[in-house]
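Working notes for the structure below.
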Amino acid sequence: MSWLTAEEALQALKTKPQTLYANVSRGRIRAKPDPADPRRSLYQAADVQRLAERHAGRRKAETVAAETIRWGDPVLTSAVSTIIDGRLFYRGRDAVDFADTATLEQTAALLWNGAEALSSGTTGENASPSLQAAFLALAGRVTTDLPSLGRSQAALRREAHGVLSTVSDALAPGLPDRPLHLRLAESWQRPQAADCLRRALVLLADHELNASTFAARVTASAGAALSATVLSGLATLTGPLHGAAWQGVDALIEATIAVGAEQAIRRTLAQGNSLAAFGHPLYPDGDIRASALLAHFPLPSKFAELQEAGEAMIGEKVNVDFALAAMTAAFDLPREAPIVIFSLARSVGWLAHAMEQIESGQLIRPRARYAGPAPETVTRR
């Protein structure tokens, strides 16, 4: 396998360094540290050549746009987060390193671009986390909260505090002024899980322009209230190809218990289904969030069996959906814990992106490439 330096890759692609890094982050070009200088990267020559050949031909604008929407080139400018060389960064800070000590509240302060440390509201300390309660509470706010347009960033940050408190009271009920990971651990009566919950919340707080974040930004671009943007993100997150992918992992584990990991994987692939537990297009060398989380609790035996068999058979490492499901099993959390954790964490990112979109003053309104019946010809007299 042949590798190129950054200078050689840029010369072949005839592009800017930022575009090279974007292609790496999206899995289009594989990269690895340079053995001679770990601070530099080498780039897979075949990947570079493939992209160079494709870019040599001129493509129609609508083709470029269509490819962009599907794990393609960046479509919006953002300073909130990015993935480069298999690492996730929050406003330039390595998210994995940040997760070693940070709380979700501190992550919100970082992603909200200088907001003061957060404090959360409270409901009864004996209440149970509920996704349904989050939907209802947000929907109740949407009809009374002010539209977001024409308001200062300081005013929006104050409102973001309130929206996050609304989500927190539904998903992590507990005593006031307690960090959210502790409230979540206490509501589930699993104090031993608190540090892993803290780490998971930080690692899941944002992930660039994923489906739910894009939905939140579209809503914000129309001037809707911040509570409406989080409601949009939450609704999108519940899809099985996004935040509900843990259910696919659970199904694989159940099959592993019944027939063994190898047979469970074979059956899934034979049915034409993808494996939710493995791979991520933005992490060709493995989901860094998964490895960062899995290092901090003992992996249950069936998850270990599935990981070993799957990584060998598929050639992809486990992802964060696998890690969330494994953590849920390891600490005996409620079955819906992964979507509760994901929703609480990602609310912070949705609010960050919503405020950024509002500040841009731009409405997100792409055009559709029409593929229906030919329009009728109207004869005018």
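The values are calculated or read from the model by the stated rules, or taken from the named source; none is laboratory data. This is a predicted model, so every value here is computed, not measured. Every residue, glycine as well, gets a Cβ built from its backbone with ideal geometry; the counts of neighbours run over all protein chains shown. For the accessible areas, the whole protein counts, side chains as well, though only heavy atoms, and no ligand, DNA or RNA atoms are used. Shrake-Rupley method; radii C 1.70, N 1.55, O 1.52, S 1.80 Å.
Within segment 327-372, if we keep just the residues that are exposed (fewer than 14 other Cβ atoms within 10 Å of the Cβ) and among the aliphatic types (A, V, I, L, M), the residue that is farthest from Gly248 (Cα to Cα) turns out to be Leu363.
Scanning segment 304-327 turns up no residue that is within 30 Å of Ala224 (Cα to Cα), touching a residue at least 40 places away in the same chain (Cβ under 8 Å) and assigned to a loop (DSSP other than H, G, I, E, B). For Ala258, the conditions (1) touching a residue at least 24 places away in the same chain (Cβ under 8 Å); (2) part of a helix (DSSP H, G or I) are fulfilled apart from (1). Within segment 137-150, the residues that satisfy the criterion of being at pLDDT below 95 and under 24 Å from Glu356 (Cβ atoms) are Leu149, Gly150. Number of residues in segment 139-177 that are over 24 Å from the mean Cα position of the chain (by Cα), farther than 17 Å from Gly223 by Cβ and buried (at least 17 other Cβ atoms within 10 Å of the Cβ) equals 1.
If you check His296, His280 for being open to solvent by 30 Å² or more (accessible area, probe 1.4 Å), in contact with a helix residue (DSSP H, G or I) (Cβ under 6 Å, 6 or more places away or on another chain) and within 24 Å of Leu201 (Cβ to Cβ), only one passes: His296. Here Ala220, Ala225 are screened, and the one residue that is of a type in the set (A, V, I, L, M, F, W, C) and more than 19 Å from the chain's Cα centre (by Cα) is Ala225. Restricted to segment 7-47, and to residues that are touching a Pro at 6+ places or on another chain (Cβ under 7 Å) and open to solvent by less than 90 Å² (accessible area, probe 1.4 Å), which residue is farthest from Asp285 (Cα to Cα)? My answer is Leu10. For segment 276-290, the count of residues that are assigned to a helix (DSSP H, G or I), of a type in the set (Gly, Ala, Ser) and touching a Phe, Trp or Tyr at 6+ places or on another chain (Cβ under 9 Å) is nonzero.
For segment 222-242, a residue qualifies if it is more than 19 Å from Ile358 (Cα to Cα), outside any helix (DSSP H, G or I) and in contact (Cβ under 8 Å) with a residue 60 or more places away in the chain, and exactly one does: Thr238. Screening Leu269 on (1) under 18 Å from Ala95 (Cβ atoms); (2) part of a helix (DSSP H, G or I) shows it passes everything except condition (1). Examine segment 273-291 for a residue that is under 17 Å from the mean Cα position of the chain (by Cα) and among the basic types (Lys, Arg), and state whether such a residue exists. Yes, segment 273-291 has at least one match. Residues of segment 270-294 that are aliphatic (A, V, I, L, M) and over 24 Å from Ser81 (Cα atoms): Ala270, Leu275.
Look through Ala134, Ala115, Ala65 and report the one residue that is open to solvent by less than 40 Å² (accessible area, probe 1.4 Å), modelled with pLDDT under 90 and either of a type in the set (A, V, I, L, M) or assigned to a helix (DSSP H, G or I) (or both). Full working, then the answer.
Numbers: Ala134 fails: modelled with pLDDT under 90; Ala65 fails: open to solvent by less than 40 Å² (accessible area, probe 1.4 Å).
Within the list Ala134, Ala115, Ala65, the selection yields Ala115.
Being touching a Lys or Arg at 6+ places or on another chain (Cβ under 8 Å), open to solvent by 20 Å² or more (accessible area, probe 1.4 Å), outside any loop (DSSP other than H, G, I, E, B) and at pLDDT 70 or above is a description that applies to Leu110.
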